[in-house]
Amino acid sequence: MTRILRLALAATCIALPNLADGAASLSTLHGTWVSPAPEPWYGGWGTREFVFSDGHWSLDFVHALDPEMTQRTLRFRTGGAYTVTAPSEAVPGAYEAVFGEDWKHVTVLTDDPGILQATGLAACDLPFNLEADISAEGCAAWKPVAVCGEDHDLLALSEEGLHFGVRPADNDMCTADRRPTELLPAVVPY
């Protein structure tokens, strides 16, 4: 990362982790990290916003059918405590991490019956444009917290930003054997 970018980030009070500190820096992340632009996700596009503070994390994910993010379909939010456990054997420079999901919320952002059916949201009977807590029952590919209360993921820092693992097609990272073996493009400090 260039010196100018580091100075600009410091001026906005974002604590940049030290790349050389590895797991220690990843365990003490503080600040907001966002997709630099809409990314290809689940047959459409999405943006990710992660907030880290005091050993906790949260994710705000918005999915849309177009790269301009005007045809939004859903918003998913989750969060909890997280731990960085060990260097990844599969991905050099990455670390295994466990992200607790104490709560899961979904907002349906489309009323198109075909899209709701295709995404599995139709079976959940969620209200349109009103956030619903799906922690207890789950919905579509999201399992209840009691069944899947943590994501076994990867975490890495690079000059580009903060990387997470590539999610499997079924979105299931509930156990360590489902941990990704590749990294996604970076989210960047906001």
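The values are calculated or read from the model by the stated rules, or taken from the named source; none is laboratory data. Since we're looking at a predicted model, the values are computed, not measured. Using ideal geometry, Cβ is built from the backbone for each residue, glycine included, and neighbour counts are taken over all protein chains shown.
Just need a number here: residues in the range 123-168 that are touching a strand residue (DSSP E or B) at 6+ places or on another chain (Cβ under 7 Å), free of Cβ contacts under 8 Å to residues at least 60 places away in the same chain and among the acidic types (D, E).
Count: 4.
Given the criteria closer than 28 Å to C174 by Cβ, modelled with pLDDT under 95, more than 18 Å from the chain's Cα centre (by Cα) and surrounded by fewer than 18 Cβ atoms within 10 Å (Cβ to Cβ), does G22 qualify?
Working: closer than 28 Å to C174 by Cβ: yes; modelled with pLDDT under 95: yes; more than 18 Å from the chain's Cα centre (by Cα): yes; surrounded by fewer than 18 Cβ atoms within 10 Å (Cβ to Cβ): yes.
So G22 fits the description; yes.
Could you tell me which residue of the range 77-94 is surrounded by the most Cβ atoms within 10 Å (Cβ to Cβ), considering only residues that are polar (S, T, N, Q) and at pLDDT 95 or above? Before you say what the answer is, go through the steps one by one.
Looking only at the range 77-94, we keep the residues that are polar (S, T, N, Q), and these are 78, 83, 85, 88.
Still in the list and also at pLDDT 95 or above: 78, 83, 88.
Numbers: T78: 22, T83: 14, S88: 20.
The extreme case among them is T78.
Would you please list the contacts, defined by Cβ atoms under 7 Å and residues six or more apart or on different chains, that run from a residue in the range 43-69 that is over 17 Å from G100 (Cβ atoms) and in a strand (DSSP E or B) to a residue that is among the aromatic types (F, W, Y) and at pLDDT 95 or above?
Listed by first residue and then by second, the contacts come to G46/F61; R48/F61; A64/W45.
For the range 70-84, name all the residues that are touching a residue at least 24 places away in the same chain (Cβ under 8 Å) and out of contact with any Lys or Arg (no Cβ under 8 Å at 6 or more places or on another chain).
Q71, R72, T73, L74, R75, G79, G80, A81, Y82, T83, V84
Would you check if D133 is more than 18 Å from G43 (Cα to Cα), at pLDDT below 95, of a type in the set (D, E) and surrounded by fewer than 18 Cβ atoms within 10 Å (Cβ to Cβ)?
No.
Residues of the range 63-76 being buried (at least 19 other Cβ atoms within 10 Å of the Cβ) and farther than 14 Å from T119 by Cα, which ones?
none
From A123, A118, grab the single residue that is surrounded by fewer than 18 Cβ atoms within 10 Å (Cβ to Cβ), among the hydrophobic types (A, V, I, L, M, F, W, C) and farther than 25 Å from P38 by Cα.
Going through A123, A118 in turn, just one is surrounded by fewer than 18 Cβ atoms within 10 Å (Cβ to Cβ), among the hydrophobic types (A, V, I, L, M, F, W, C) and farther than 25 Å from P38 by Cα: A123.
So the check is Cβ under 8 Å with 6+ separation or different chains; which pairs have a first residue in the range 169-181 that's within 11 Å of K143 (Cβ to Cβ) and of a type outside the set (V, I, T) and a second one that's at pLDDT 95 or above and surrounded by fewer than 15 Cβ atoms within 10 Å (Cβ to Cβ)?
C174/V147
Please go through (1) surrounded by 14 or more Cβ atoms within 10 Å (Cβ to Cβ); (2) over 18 Å from the mean Cα position of the chain (by Cα); (3) of a type in the set (F, W, Y) for F128 and return the number of the only condition it doesn't satisfy.
It is condition (1) that F128 fails.
Starting from the range 11-33, take each residue that is on the phi > 0 side of the Ramachandran plot and list its partners that are modelled with pLDDT of 95 or more and of a type in the set (A, V, I, L, M, F, W, C), counting only C-beta distances under 7 angstrom and pairs at least six apart or across chains.
Once the first residue is on the phi > 0 side of the Ramachandran plot and sits in the range 11-33, its partners that are modelled with pLDDT of 95 or more and of a type in the set (A, V, I, L, M, F, W, C) give G31/F52.
Collect the residues in the range 87-102 that are in contact (Cβ under 8 Å) with a residue 40 or more places away in the chain and farther than 16 Å from R167 by Cβ, keeping them in residue-number order.
Residues satisfying the conditions are P87, G93, Y95, G100, D102.
Would you confirm, using the coordinates I've provided, whether V106 is over 30 Å from A24 (Cα atoms), under 20 Å from the mean Cα position of the chain (by Cα) and either assigned to a loop (DSSP other than H, G, I, E, B) or not charged (D, E, K, R) (or both)?
yes
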